[in-house]
Amino acid sequence: MVPVVFVHGIRLSRAAWSEQLEVLGHPAKAVDLPGHGSRRGERFTLDGAVDAVAGAVDEPALVVGHSLGGYVAIAAAARHPEKVAGLVVAGSTFLPGRTLETPFRLAHRLLIRLPDRGEGLSRRQFRTALPPKLAEAVIGGGIATEVIPDVAKAIDAFDVLAELGTYPGPTWLINGSRDHFRRHEHRFLDACADGRLINVPKAGHYLPMARGKEFAQLVLDAARSLSIAVRVPGKSGAFGRGPG
């Protein structure tokens, strides 16, 4: 089957995918984006993030991005379609703009005013939302609150629907039914050349981490579909739109 490359969300690191890498049973890797994880201290730019994804792809791969990682995955697929056999976008179907940017900037201002710059609050958040083992892995990978302004600026200037529309390959849009980032999911679906939309009942924004095994199965199903398309002549356009 095609390999998988995972791209994490804002403030997190490749450690966010540690459970996926354990349970997938499939060739996979996760990257650290600029300003996150092992690359904290670097400035985040969308071009730099795309380079991080493209550099991790040794052969055409299924690129899976969550939250910020979903926007980065879309940009990588648009700019390097030869490297992206398929695209999974999770929790990333909210159009960039003031409505998205403002809450992040406000959260950053509040967090950096705390004595520990929000570290304790962030740790409590992840320990509440995620399974214990994964929560500790996420915390151990570092929580890069300082990167929020750079990310907000980069994503605000990103014409995500235009770039998504240039990617010719199959795209899976996966959202938790309770995820506030699914607001514009049907506009994203309409922009896909070959897309399908999957909503997971009773799941929130942290679906890939909070319900890791369930999400891993969705990723595995996508990877298997791509592998079948590669093996069977004439199957490259066989990924129709799923139910909305």
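Values in this text are rule-based calculations from the coordinates and carry no lab data. Source: prediction; values computed, not measured. Heads up, the Cβs are rebuilt from the backbone with ideal geometry, glycines too, and the neighbour counts pull from every protein chain shown.
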Under the Karplus relation with 6.51, -1.76 and 1.60 and θ = phi - 60°, whole-Hz ³J(HN,Hα) for segment 134-144, x at Gly and Pro, equal 5, 4, 5, 5, 4, 5, x, x, x, 10, 8
Sorted by chain and then number, the residues having a modelled amide H within less than 5 Å of the amide H of Ala85, at least 5 places away or on another chain, are Ala61, Leu62, Val63
Share of Cα-Cα pairs in segment 15-131 beyond 21 Å, whole percent, is 47
Residue-normalised 222 nm signal for the chain, counting each DSSP H run of n ≥ 4 as -39,500 (n - 2.57), nearest 500 deg cm²/dmol, is -13500 deg cm²/dmol
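Under the 0.36 nm per residue contour assumption, what length would be gained going from the current alpha-carbon distance of Asp156 and Lys202 to full extension?
Going from the current span to full extension adds 13.7 nm.
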Which residues qualify? For Val7, with a placed amide H closer than 5 Å and at least 5 residues away or on another chain, they are Val64, Gly65, His66
Extension length gain for Arg127 and His180 (0.36 nm per residue less Cα distance), in nm, is 17.0 nm
For segment 6-231, the Cα gyration tensor yields equivalent-ellipsoid semi-axes (√(5λ), largest first, whole Å) of 26, 19, 17
Ignoring trypsin sites (Lys or Arg not before Pro) buried by more than 11 other Cβ within 10 Å or outside DSSP loops, the longest site-free run in the chain is 114-201
With +1 at each Lys and Arg Cβ and -1 at each Asp and Glu Cβ, the charge dipole magnitude of the chain around its Cα centre, to the nearest 20 debye, comes out at 680
Taking 0.36 nm per residue of separation between Glu22 and Glu82 and subtracting their Cα-Cα distance, the length gained on full extension comes to 18.9 nm
Whole-Hz Karplus couplings 3J(HN,Hα) for segment 179-194, θ = phi - 60° and coefficients 6.51, -1.76, 1.60, Gly and Pro as x, run 7, 5, 7, 9, 3, 10, 4, 6, 5, 5, 4, 5, 6, 5, 5, 8
Quotient of Cα radius of gyration and Kirkwood radius for segment 78-192, i.e. Rg/Rh, equals 1.01
Checked against a 19 Å limit on the C-alpha separation, the offending pairs among Lys133/Lys202; Lys29/Lys202; Lys29/Lys83 are Lys133/Lys202; Lys29/Lys202
In nm, the gap between the two label points placed 7 Å beyond Cα toward Cβ at Leu110 and Glu136 is 2.9
Dipole check, segment 6-231, charges on Cβ (K,R +1; D,E -1), about Cα centroid: among His205, Ala216, Thr171 the Cα furthest to the positive pole belongs to His205
Long-range amide H partners of Ala28, meaning residues 5 or more apart or on another chain whose placed amide H is closer than 5 Å, are Val4
For segment 114-122, in residue order, the Karplus 3J(HN,Hα) values (coefficients 6.51, -1.76, 1.60; θ = phi - 60°; whole Hz; Gly and Pro = x) are 6, x, 9, 6, x, 4, x, 5, 5
